[in-house]
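Single-structure report; data block below.
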Amino acid sequence: MVQAISTSSCCNILFSKSHRSPSPHSLHRFNHYSPSFAHRISTGVQRKAVELPLPETVTQQVQNKEQRKTQFALENLTSWLLKQELAGNIDAELTVVLSSISLACKQIASLLQRSSIINLTGGQGTINVQGEDQKKLDVISNELFCNCLRSSGRTGIIASEEEDTPVAVEETYSGNYIVVFDPIDGSANIDTALTTGSIFGIYGPDEQCLIDLDDTSTLDQAREKCIINVCQPGRNLLVAGYCLYSSSVVFTISLGKGVFAFTLDPTYGEFVLTHENIKIPESGKIYSFNEGNYDLWDDKLKNYLDHLRQPGSNGKPYSGRYIGCLVGEIHRMLLRGGIYGNPKNKNSKNGNLRLLYECAPMSFLIEQAGGTAIDGVQRILDIVPEQVHQRTPIFIGSPDEVQKLQNYLA
């Protein structure tokens, strides 16, 4: 017969009713499991058991579970935007606009990957308002962007590199947001399967310039003047971003509170968060200028570039990299640092890049990441556009590198 004898309030010991001393063999068995337990039996001394800590509460278990991240804990663009909406960083309408832009980027990425197969390389045979030959995908990508933005029901005005004048979305479907974009940046790279990208910026409505839009295509001169006023300087941007089409498709965005990048997972067809709160390096050893125009630049800029080509304290000069696609240049710069320049020259007094839908959105992104963007004299985001397709020089990149350039240009 076996009975339980309580040795404390929290511990029970089971042993035989007989009070005979345990045999050495039985002690050996006890010693095998717990020497202290065997000692208590052999000496007859009762000791209080050590109290074990209480188990974690349900709340603690949930918190610890949330903190554990595995390789499968992915966050896509849609869920990230919803979190930003819940945090009050954007409203529901802006979430819809951004979702429509990401859809357009997915469609463009698919066309670019199959462009040679489905005969979308080469020229369209038309010229845009800047006098540039349009590629087939320039025209198609512009149409994709416009259709996605129209169908969102949250866009009021669209301004594109490929449109002569801003386009007013039909009044019955229009919203308040103004979206400016370059559907295919670096389209000259399409035929050789090199890096291209899309750039976009979103402004809020200008209440001083709200009008009733009854034209479903383009605006007359009076209304275009009003739209130019609506297209404010870059410092008024609500959102800016780009989509890089290269070995990966990367959707990079800023809502004015940091820069975040999402990589397209072709398995799921979703943009997945891969770079959180990007910070550009303070300095970098890469410069990107089209040095084919070297002889057309002023002497101060030439002296700066000559300095970059001289070996530094480590015995190495700066590395020159030029992709021919602003999106590719900015993406590399965000991650590696350095400086990119597209200056004015004897043939292009105002530079080559457009202020409204190329330079302003990219400058917004770079500043949000801790970088600097100037036209050689003033901050890019402070320039007020006078025309939709206005051009500007630009120098953009790591703050230390842009400051060094300013010292030479002063």
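Around GLU358, with a cut-off of 12 angstrom between Cβ atoms, what is the net charge of the other residues, counting Lys and Arg +1 and Asp and Glu -1? Mind dumping the intermediate values first?
Numbers: positive: ARG354, ARG391; negative: GLU161, ASP182, ASP185, GLU329.
Spelling it out: positives minus negatives among the neighbours equals -2.
For LYS257 and ASP295, what does the FRET efficiency come to when R0 = 30 Å and r is the distance between their Cβ atoms, rounded to the nearest 0.05? Don't skip to the end; give the middle numbers.
Details: r = 43 Å, r/R0 = 1.45.
Rounded to the nearest 0.05, the efficiency is 0.10.
Can you tell me the relative contact order of the range 286-409? Whole percent, Cα pairs under 8 Å, sequence separation 6 or more.
Averaging sequence separation for qualifying contacts and normalising by length gives 28 percent for the range 286-409.
To the nearest 20 debye, what is the magnitude of the charge dipole of the range 286-409 about its Cα centre, counting +1 on the Cβ of each Lys and Arg and -1 on the Cβ of each Asp and Glu?
On the way: 14 positive and 13 negative charges, 48 e Å.
Roughly 220 debye, rounded to the nearest 20.
Over what distance in Å are the Cα centres of the range 104-123 and the range 324-359 separated?
Between the Cα centre of the range 104-123 and that of the range 324-359, the gap is 24 Å.
Taking a threshold of 30 Å on the Cα-Cα distance, which of the pairs LYS106/LYS135; LYS83/LYS279; LYS344/LYS404; LYS257/LYS349; LYS257/LYS404; LYS83/LYS106 fall above it?
In this structure, LYS257/LYS349 lie more than 30 Å apart at Cα.
Rule-of-thumb check for the range 286-409: C-alpha Rg over 2.2 N^0.38 Å?
Here the Cα radius of gyration is 1.00 times the empirical estimate.
Values quoted throughout were computed directly from the atomic coordinates according to the rules given, and no laboratory measurement underlies them. Remember, it's a predicted structure, so these values are computed and weren't measured experimentally. Heads up, the Cβs are rebuilt from the backbone with ideal geometry, glycines too, and the neighbour counts pull from every protein chain shown.
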